[in-house]
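Presented below is the structure to which this report refers.
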Amino acid sequence: MNYQIAVLKGDGIGPEITESAVRVLEKIAEISGRSFQFTEYLIGGIAVDQTGVPLPPETVSGCLSSDSVLLGAVGGPKWDTLPPEKRPEKALLGIRAALGLYTNLRPAKLFPALRGASPLRESVIGSGFDLLIVRELTGGIYFGERGYREGRFGEEAFDTEAYSVTEIERIGRAAFSAAQKRRGKVTSIDKANVLETSRLWRKTMHRLAAEYPDVAYGDLLVDNAAMQLVRNPAQFDVIVTSNLFGDILSDEASQITGSIGMLASASLGDGVRGMYEPIHGSAPDIAGQDKANPIAAILSAAMMLRYSFGLSAEADRIERAVDLVLEAGFRTADIMGDGGGTLLSCSAMTEKILEAAGS
Ligand code: IPM
Ligand code: MG
């Protein structure tokens, strides 16, 4: 099988970590006799610099004609003052919408070797946790009507949140099916004590829950959920939530695993094409210094093999390689924690993972 992969390196540490993920995929190709063809396209600040827009049309068409998309990160201080339409972040929203990627899977699990890097106390971590955030990605307040108007106190800005039953149902189904393949539990997170969209969300989720009697279902208000994540993360299996709440809670979930530099994500739609990216950003402060943690990008590549190409054995091989390297005590700066270990650069960590994947 020959797979076409669009590579969007983006800004900041995007190029270095994406390069690491590509090298790991090349290694997998070599081992498994598959072939991956990588084509690079511009996105984010670098696209603004080179073409004047953050999401050039060639990038969209290139992604649409490939089997899957690997993304690094976008944004940086250099482009922070651009008008909203030209901001690198806008490109991210644009490509998610253009590819119809409404399901964002963000797994957060504690790597046993990294217990010491988690900010949670040993007694709270207990026997560890392994949760999956299913975030709605192409609707809600990120895509609602917005603007400026005259308000009671003079000029005001507004953003609106809207969710249709159809949008809630399809993300709900993604969460329930994911739970069936995991520990069979879904927690839906909303703000139904205040928001109308949340009340529709909750009503729709309850209706779906009845269709999945094998899945245990519960609701949680988002403020309580933020607290529960640091109080007892092991209570969660699959969390399903809106675009904005998912954005916030997934950063929180990543931090309790030890570092945001570890967490991969998959964005999926109705077909098999997906976009795979680390959940961390472009980290401009360490860009180009070979200090970044490539693991989230590498694990994103593993998710691509699993979800878009159905290559689970190959995905397992990458995940096992990461485990082995962490267990052997190798660390990038962000995951040094209190436990000690051998500090590696981004490229040295990549080498270690390549070695482990090949063995
Ligand atoms: C993420 C990021 C993006 C988001 C930003 C960069 C637009 O924070 O993928 O979590 O909010 O979705
Ligand atoms: Mg975010």
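Could you work out the equivalent-ellipsoid semi-axes for the chain, taking the square root of 5 times each eigenvalue of the Cα gyration tensor, largest first, in whole Å?
That gives 30, 26, 21 Å for the three semi-axes.
Kindly provide the pair-distance distribution of region 78-229 built from C-alpha pairs, with 5 Å bins from 0 and whole-percent values in order of increasing distance.
2, 7, 13, 16, 17, 15, 13, 10, 5, 2, 1
For the ranges 94-106, 310-322, what's the packing order if you count other beta-carbon atoms within 10 Å of each residue, average per peptide, and put the highest first?
Descending packing order for the listed peptides: 94-106, 310-322.
Residues of the chain: accessible area per residue at 1.4 Å, in Å²?
It amounts to 42 Å² per residue over the chain.
Mind listing the long-range amide H neighbours of ILE13? Cut-off is under 5 Å, sequence gap 5 or more, other chains count too, H placed in the peptide plane at 1.01 Å from N.
Amide H neighbours of ILE13: ALA283.
Between beta-carbons, use under 13 Å as the cut-off and find the net charge around ALA6, counting Lys and Arg +1, Asp and Glu -1.
Overall, the nearby charge balance is -2.
Can you show me the helix-derived [θ] at 222 nm for the chain, built from DSSP H runs with n ≥ 4 at -39,500 (n - 2.57) apiece and divided by the number of residues, rounded to the nearest 500.
-13000 deg cm²/dmol
Could you list which residues have their amide H under 5 Å from that of LEU311, counting only those 5 or more apart in sequence or on another chain, with H placed in the peptide plane?
Distant-sequence amide H within range of LEU311: ARG306.
Between PHE38 and ALA157, what FRET efficiency follows from the Cβ-Cβ distance if R0 is 45 Å, with the result rounded to 0.05?
0.65
For SER345 and ILE248, what does the FRET efficiency come to when R0 = 41 Å and r is the distance between their Cβ atoms, rounded to the nearest 0.05?
That gives a FRET efficiency of 0.85.
What does the charge count near VAL74 come to, summing +1 for each Lys or Arg and -1 for each Asp or Glu among other residues with Cβ under 14 Å from its Cβ?
+1
How much of the accessible area of region 148-285, in percent, comes from carbon and sulfur atoms when a 1.4 Å probe is used?
54 percent
What does the charge count near ARG207 come to, summing +1 for each Lys or Arg and -1 for each Asp or Glu among other residues with Cβ under 12 Å from its Cβ?
Net local charge, ARG207 excluded: +1.
The values are calculated or read from the model by the stated rules, or taken from the named source; none is laboratory data. Everything numeric in this text was worked out from a predicted model, so none of it was measured. Ideal geometry is used to build each Cβ from the backbone, glycine not excepted, and the neighbour counts take in all protein chains shown. What goes into the accessible areas is simple: the full protein's heavy atoms, side chains included, and nothing from ligands, DNA or RNA. Shrake-Rupley method; radii C 1.70, N 1.55, O 1.52, S 1.80 Å.
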